[in-house]
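As structure tokens, the structure follows; a few thoughts come after it.
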């Protein structure tokens, strides 16, 4: 009884089993994102330390600087194409990723990348604390084993960053424009200044051997050749944003017009990702000789080493401002890229009790369980983590693209996405579209042996298995997408096929959806004066909880 009473108390005012205000189609009042908003979002998400690490982490594999840049560029072209495909349902029907998944792909993704970005943010806070007291790291007794890859002082900084980030989670997605303007300005200026400083102060000795052009590995001939390591670098580049690609409908739905979502991303996404990755390589190379020949690929670690060499007032001031700019950058990228995305997923899973804000705070509170401090110890670990995302998320993204473009032919019955019984055309077989998990498994399983061998080096697999793993994103996306489409051709879902065949054009359906849900949004006024429908009761949507 006590538990039931608690659940009753935390129920949302306008929520039911399948819908609440945060996951319904977005009406015009909340479609506030212009092309500039999308531009600033990707500036923030891609101009950050994680992208910096993606570029710099390719060099220790054995690639030369120009080979790494080629891999980064190709990877971002592929990622941009996948991103745009994943934005279509949101841009045209104003629905988020988890709601669109109800049309057949049946997958949600609960974001665990928040913890990694928060740990990096903690390293930035650590810089600020060191700028005040260069002995800060020694003043806090370390009670954490070396095997954990962190110290007590670093963990305290991580906690500080996590707490400082919490107020930002309160911002609703459609209110993020001003925050993006401020944070993106700080971020872009910092990274430009970092690059100029690194190049201007490297001295007459020039770049370190990070920019050596002589390859030390064979061009072809097995998974450890240049060609295959470049392929691995390409897939790792895509993998670094695999979660953001898959759930991009969550933000495309906020676009003022569909074209804002398309043109606001097609240039900004690859531009800032390539820029930051290349910047990482250049900064690593230009600071290498002054640090005894060691290539430092993590910016906070780089600044700590500079402080160890010179603790004068100028160095400490630079450390403070660098730490402050990086903290803003990390909050700016972690908020839309992880916290709100995860919050939307949870809101769609438990819409009676969770909205985006509640979901985002749950993501933040649970983020330490992924042990994010273990992910940045070495380049190999970092790239393995990125590739693991591709192995499991690329097939899901392929399913979504196939579902929207090939199976549903861009025609969606939006009302039925909020019905959870046999009255919905997306009920399939007792609420289960068995085609989706089969297609997903076919896209995942062939890459698993190579993935296991990458995680556990004591496991030996064939070269072919390793090479297939290196192709994980493209293979998973295409294999699962094609199999899903073929299964629908061979074993059609009668009600979905009937709707697609008999309904008017996709453009007509999209306009009808916007008009209908705009009318629903105007049927009542919430307590705070903003327009909000009694969504659990209108047009039968969500009412069958």
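Of the residues making up region 316-327, one or more are closer than 27 Å to residue 171 by Cα, assigned to a helix (DSSP H, G or I) and within 20 Å of the chain's Cα centre (by Cα).
For residue 25, indicate whether it is at pLDDT 90 or above and either surrounded by fewer than 22 Cβ atoms within 10 Å (Cβ to Cβ) or not in a helix (DSSP H, G or I) (or both). Considered against the rule, which asks whether it is at pLDDT 90 or above and either surrounded by fewer than 22 Cβ atoms within 10 Å (Cβ to Cβ) or not in a helix (DSSP H, G or I) (or both), residue 25 comes out as yes. Of everything in region 30-50 that is modelled with pLDDT under 90, part of a helix (DSSP H, G or I) and farther than 17 Å from residue 341 by Cα, the residue that is farthest from the chain's Cα centre (by Cα) is 49.
Just a yes or no: is a residue in region 334-350 modelled with pLDDT under 90, buried (at least 23 other Cβ atoms within 10 Å of the Cβ), under 30 Å from residue 135 (Cα atoms) and in contact with a helix residue (DSSP H, G or I) (Cβ under 8 Å, 6 or more places away or on another chain)? Scanning region 334-350, I find at least one residue that is modelled with pLDDT under 90, buried (at least 23 other Cβ atoms within 10 Å of the Cβ), under 30 Å from residue 135 (Cα atoms) and in contact with a helix residue (DSSP H, G or I) (Cβ under 8 Å, 6 or more places away or on another chain), so the answer is yes.
When the helices (runs of 4 or more DSSP H) confined to region 70-170 are screened for residues that are closer than 30 Å to residue 403 by Cβ and touching a residue at least 24 places away in the same chain (Cβ under 8 Å), those reaching at least 3 such residues are found at 97-101, 113-132.
Kindly establish whether residue 146 is surrounded by fewer than 20 Cβ atoms within 10 Å (Cβ to Cβ) and farther than 23 Å from residue 317 by Cα. So residue 146 fits the description; yes.
Checked against (1) outside any loop (DSSP other than H, G, I, E, B); (2) over 30 Å from residue 314 (Cβ atoms); (3) without any contact (Cβ under 8 Å) to a residue 24 or more places away in the chain, residue 219 passes all but a single condition, namely (1). Filtering region 291-315 to residues that are touching a residue at least 24 places away in the same chain (Cβ under 8 Å), in a helix (DSSP H, G or I) and buried (at least 17 other Cβ atoms within 10 Å of the Cβ) leaves 299, 300, 303, 304, 307.
Only one entry in 250, 212 is buried (at least 24 other Cβ atoms within 10 Å of the Cβ) and either within 33 Å of the chain's Cα centre (by Cα) or under 18 Å from residue 471 (Cβ atoms) (or both), namely 250. Counting only residues that are surrounded by 14 or more Cβ atoms within 10 Å (Cβ to Cβ) and farther than 11 Å from residue 103 by Cα, region 427-437 holds 2 of them. Here the condition is being at pLDDT below 90 and either under 20 Å from the mean Cα position of the chain (by Cα) or closer than 30 Å to residue 469 by Cα (or both); of 261, 295, it holds for 295 alone.
Looking at 344, 331, just one residue is closer than 21 Å to residue 51 by Cα and either in a helix (DSSP H, G or I) or more than 18 Å from the chain's Cα centre (by Cα) (or both), and that residue is 331. Restricted to region 382-498, the set of helices (runs of 4 or more DSSP H) holding at least 2 residues that are closer than 23 Å to residue 348 by Cβ and touching a helix residue (DSSP H, G or I) at 6+ places or on another chain (Cβ under 6 Å) comprises 435-444, 472-490. For beta carbons closer than 6 Å, sequence separation of 6+ or different chains, a first residue in region 180-201 that is touching a residue at least 40 places away in the same chain (Cβ under 8 Å) and a second that is exposed (fewer than 13 other Cβ atoms within 10 Å of the Cβ), there are no qualifying pairs.
The values are calculated or read from the model by the stated rules, or taken from the named source; none is laboratory data. Just so you know, these numbers come straight off a predicted model, no measurement behind them. No Cβ is skipped: glycine too gets one built from the backbone with ideal geometry, and neighbour counts run over all protein chains shown.
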